[in-house]
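As structure tokens, the structure follows; a few thoughts come after it.
The values are calculated or read from the model by the stated rules, or taken from the named source; none is laboratory data. This one's a predicted model, so the numbers in the text were calculated from it and none came from an experiment. Cβ coordinates were reconstructed from backbone atoms using ideal geometry, including for glycine residues, and neighbour counts include every protein chain displayed. Accessible surface areas use protein heavy atoms only, side chains included; no ligands, DNA or RNA. Shrake-Rupley method; radii C 1.70, N 1.55, O 1.52, S 1.80 Å.
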Amino acid sequence: MQKNLFALVLFIASLVFASNAVCVEQATIDISAGLSNTNESSLISAPIKAPEVIVPAQTTIDISAGLSGTNETSALYLPIRAPEVIVSTPLIGHTNYVRSVAFSPDGKTLASGSWDGYIIIWDIATGSKLRTLPRNYGTVWSLAFSPDGAMLAAGSEDKKTTIWDVATWSVRKIYTDHWAAVWSVAFSPDGSELASASSDGTVKLLNVATGRTRSLYHNIPVWSAAFNPDGKTIATGCENGSIHLWDFATGKWIKELKGHFGSVLSLDYSFDGKLLASGSYDNTVIIWDGATGGKIRKLPGNSGEVRSVAFSPDASTIALGSGGDTIVIRDVVTGHTINTLSGHSDNVNSVAFSPDGRTIASGGGDNNVRLWVVARLVEPEPVIVEPKAEAVVTPAPPPVLEEPKAEAVI
């Protein structure tokens with residue numbers, strides 16, 4: 001009898017386990033937030049399926065290495081949904097490597113600069129080309145919109161820094177203060193000055209209103225520059241792997257940050273200035289404390305040098321463009337890889353998040369610009385609700401019955 005009962009229990013348990021097998025759930029995507037004009041009908045007609053992995057008990061998840069068995073029994077079944085990203089058709093217009101991409105502050109347009117010397121302005125809603133700006137005589141290495149969106153700056157191989165008026169798309173001013181290529185340009189948070197980093201070993205701080213310049217002198221080529229959003233500090237990345245912090249108001253050198261062993265090709269501050277990310281030719285990314293310059297963590301790149309880094313607007317994730325043909329999205333806190341975006345067929349030279357964080361733009365060595373509409377990068381952690389304990393009702397005590405008093409016998 002006991003054996004039969006045990007066999008019945010095992011049979012029922014196997015049915016319950018089988019009913020919890022791996023399933024596939026359809027995830028709907030808000031296409032309207034991305035591109036409305038595309039040649040790939042599958043992006044519109046076919047819903048993207050996000051696989052749901054059911055992890056048995058005694059298993060935890062290591063995002064960087066997949067699933068691995070452990071002895072922890074924190075949950076019986078933990079659903080993990082794949083991040084959803086829609087990749088647009090490539091925006092075709094350049095005839096050589098795309099070296100830089102930059103979103104306008106309102107997120108409606110994208111500027112791309114190329115080895116072909118041209119700057120193309122794209123409409124984000126449709127993916128169409130709005131205009132092509134007159135050719136520079138050299139590679140356009142870097143682009144930056146002013147905070148108010150009124151100006152677009154470009155640094156190029158021909159030693160020039162060009163500022164365009166966005167309202168008319170006419171050239172406002174061309175500066176020739178450098179005697180070598182201009183690798184990076186960045187506007188100050190208030191838009192009053194433009195920094196240009198050059199392989200001539202200087203960073204020029206240009207007052208946009210007066211045209212006057214100040215110089216931050218380095219002894220080696222400078223590849224990148226970024227302003228802290230607090231407006232007090234500017235960071236510069238050099239060929240020898242060093243990063244320098246400067247007082248923006250006075251132009252005085254503050255300190256040197258050491259940690260890379262190759263050229264610092266890209267710098268980006270988080271929106272609140274608390275974090276600074278640096279991407280290097282040594283195939284690593286370092287996250288620094290934006291206030292103190294202390295090293296917080298070092299992350300591996302993907303394949304080849306890290307050519308571009310970009311924080312998401314909320315600083316929860318960071319996008320890496322590298323010498324390989326993919327974009328890696330990492331969690332800033334854990335460093336784990338959240339997603340790897342494949343679509344380019346050559347180096348990813350530049351990456352940028354849209355102001356609302358829903359789109360990633362990339363420029364590649366395949367001459368193409370790509371827009372990646374992010375529906376969900378990270379699945380929210382499941383909320384475990386403890387079952388409420390049933391209320392315990394204490395029965396009322398039984399009524400006390402009083403014996404009737406016997407009548408007195410007289």
Query raised in the report: Is one or more of the residues making up the range 236-246 modelled with pLDDT of 95 or more, among the charged types (D, E, K, R) and either more than 21 Å from LEU320 (Cα to Cα) or touching a Gly at 6+ places or on another chain (Cβ under 8 Å) (or both)?
Result: no
Scanning the range 265-275 for residues that are over 13 Å from the mean Cα position of the chain (by Cα) and more than 19 Å from ARG99 (Cβ to Cβ) gives ASP272, GLY273, LYS274, LEU275
Tell me, yes or no, whether the range 324-337 has at least one residue that is at pLDDT below 95, open to solvent by 20 Å² or more (accessible area, probe 1.4 Å) and touching a Phe, Trp or Tyr at 6+ places or on another chain (Cβ under 9 Å). no
Within the range 307-350, the residues that are among the β-branched types (Val, Ile, Thr) and either in a loop (DSSP other than H, G, I, E, B) or over 27 Å from GLU239 (Cβ atoms) (or both) are THR317, ILE329, VAL332, VAL333, THR334, THR337, ILE338, THR340
Scanning the range 280-294 residue by residue, those in contact with an Asp or Glu (Cβ under 8 Å, 6 or more places away or on another chain) and either part of a strand (DSSP E or B) or closer than 17 Å to GLY335 by Cα (or both) turn out to be SER280, ASN283
All conditions in (1) assigned to a loop (DSSP other than H, G, I, E, B); (2) under 25 Å from ASP331 (Cα atoms); (3) modelled with pLDDT of 50 or more are true of ASP106 except (2)
Quick count over the range 348-367, residues being open to solvent by 40 Å² or more (accessible area, probe 1.4 Å) and on the phi < 0 side of the Ramachandran plot, is 3
Picked from the range 110-152 (must be of a type in the set (D, E, K, R) and open to solvent by 20 Å² or more (accessible area, probe 1.4 Å)), the residue nearest to ALA226 (Cα to Cα) is ASP148
In the set SER170, SER188, the lone residue that is within 24 Å of LYS204 (Cβ to Cβ), out of contact with any Ser or Thr (no Cβ under 7 Å at 6 or more places or on another chain) and open to solvent by 10 Å² or more (accessible area, probe 1.4 Å) is SER170
Worksheet item: Just wondering, is there one or more residues in the range 376-393 that are among the basic types (Lys, Arg), at pLDDT 90 or above and open to solvent by 10 Å² or more (accessible area, probe 1.4 Å)?
Response: no
Residue count, the range 235-277, condition of a type in the set (A, V, I, L, M, F, W, C) and within 23 Å of ASN347 (Cα to Cα), comes to 6
Only one of (1) assigned to a loop (DSSP other than H, G, I, E, B); (2) farther than 20 Å from SER308 by Cβ does not apply to ASP116, and that is (2)
Screening VAL264, VAL285 for residues that are closer than 22 Å to SER188 by Cβ and touching a strand residue (DSSP E or B) at 6+ places or on another chain (Cβ under 6 Å) leaves only VAL264
The residue that is least open to solvent (accessible area, probe 1.4 Å), considering only those in the range 90-109 that are over 25 Å from ASP325 (Cβ atoms) and charged (D, E, K, R), is ASP106
Subset of the range 251-302, residues of a type in the set (D, E, K, R) and surrounded by 20 or more Cβ atoms within 10 Å (Cβ to Cβ), comes to ASP268
